[in-house]
Amino acid sequence: MDEINEIYDIEINKIVKTIKKGENKKVLLQFPEGMKPYSTVIANEIEGKTDSEVFIWLGTCFGGCDVPLEVEKLGVDLIIQFGHSVWKF
């Protein structure tokens with residue numbers, strides 16, 4: 001995780017807090033191409049800090065509006081999308 005945190009601001013603590021707050025048992029992580037090599041490390045970190053089962057979506061992703069249609073079949077409680085840019089609300 002140290003190497004990943006040097007490159008990206010993953011906000012693991014914020015993710016863990018969100019998962020626990022919502023009592024989410026199945027969580028789907030969606031990554032852009034450049035972050036996919038780190039996906040299993042990030043998923044393992046999240047699973048280790050929560051009681052949730054974490055899935056990794058490795059299909060293509062063209063941005064925050066690109067939610068996989070197959071997500072309904074998985075029955076996930078929460079989708080967390082990672083990206084290279086900051087979203088300003």
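Modelled label positions at Glu47 and Lys26, each set 7 Å beyond Cα in the direction of Cβ, lie 1.5 nm from each other. Of Leu58, Leu78, Leu28, the residue with the largest accessible area leads and the full order is Leu58, Leu78, Leu28 (1.4 Å probe).
Amide hydrogen proximity for Gln81: with H placed 1.01 Å from N in the peptide plane, the residues at 5 or more positions away or on another chain lying under 5 Å are Gln30. When the residues Lys17, Lys25, Lys73, Lys49 are ordered by accessible surface, computed with a 1.4 Å probe over the protein chains alone, the sequence from largest down reads Lys73, Lys17, Lys25, Lys49. When you filter the chymotrypsin sites (Phe, Trp or Tyr not before Pro) in region 1-57 for DSSP loop state and at most 15 other Cβ atoms inside 10 Å of their Cβ, you are left with Tyr8. Of the GluC sites (Glu not before Pro) found in region 1-39, those in coil by DSSP whose Cβ has at most 15 other Cβ atoms within 10 Å are Glu11, Glu23.
Among the listed pairs Lys26/Lys49; Lys49/Lys73; Lys17/Lys49; Lys17/Lys73; Lys14/Lys73; Lys25/Lys49, those with a Cα-Cα distance over 18 Å are Lys49/Lys73; Lys17/Lys73; Lys14/Lys73.
The values are calculated or read from the model by the stated rules, or taken from the named source; none is laboratory data. Just so it is clear, the structure is predicted and the values come from calculations on it, not from any experiment. Cβ sites come from the backbone with ideal geometry, for glycine too, and all protein chains shown count toward neighbours. Areas reflect the complete protein model, heavy atoms only, side chains present, ligands, DNA and RNA absent. Shrake-Rupley method; radii C 1.70, N 1.55, O 1.52, S 1.80 Å.
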